[in-house]
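The structure under discussion appears below in the form of structure tokens.
Laboratory data are not the source of any read-out in this text; all were calculated from the coordinates shown. Note that the structure is a prediction, hence the values are computed from the model and not measured. Quick reminder, even Gly has a Cβ in these numbers, built from the backbone with ideal geometry, and neighbours come from all protein chains shown.
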Amino acid sequence: MTPPETDLIGKTANGAKSPAVLSCSLPTVLTQRRDFQRASRGKRVAMAGFILQTIPRPEGEAEGIRVGYTCSKKVGNAVARNRAKRRLREIARAVLPISGKQGHDYVLVGRNTATAAVPFSQLLSDMEKALGILHGARK
């Protein structure tokens, strides 16, 4: 199977977007240690497959949602940690643009054996429930 012919990257000959191009709005990813440390001092909620930490950013900083992912060596070897982080990235990609609050930083922490073992549909529902708890919509 060959990809559709395109005249420009991301566009087909008739002007529609190419299906081979990923077009989704991803939150900005946290990379600096101080951002992770600041989020650890904020609110948190523990779910079966992960721990979600959040903190609002100070006034004057850029708006938008930022998210970070972390898995310690307790989660397992590098393969297990990478698999857990891939699952965390997918639930953040699916839920945060809809249910996350602008101007907040979120950190998803993988849990030992649970992040990779819990069914993906349960991770999604747990993420929505955790955001509801953190932002006061649900108890």
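Here are some notes:
- Going by neighbour counts of Cβ atoms within 10 Å, the residues His135, His104 line up, fewest first, as His135, His104.
- Taking a ≥ b ≥ c as the square roots of the eigenvalues of the Cα gyration tensor, segment 25-134 is prolate, since a/c reaches 1.5 or more and a/b is larger than b/c.
- Segment Lys43-Ala94, extension gain: residue separation times 0.36 nm, minus the distance between their alpha carbons: 16.2 nm
- Projected label points at Asn112 and Glu128, each 7 Å from Cα along the beta carbon direction, are separated by 3.1 nanometres.
- Amide H within-cut-off set for Tyr106, under 5 Å, with H built and near neighbours excluded: Arg66, Val67, Gly68
- Nonlocal amide H pairs with Cys71, under 5 Å, H built at 1.01 Å: Gly110
- Net dipole in debye of segment 59-139 [+1 Lys, Arg Cβ; -1 Asp, Glu Cβ; about Cα centre; nearest 20]: 520
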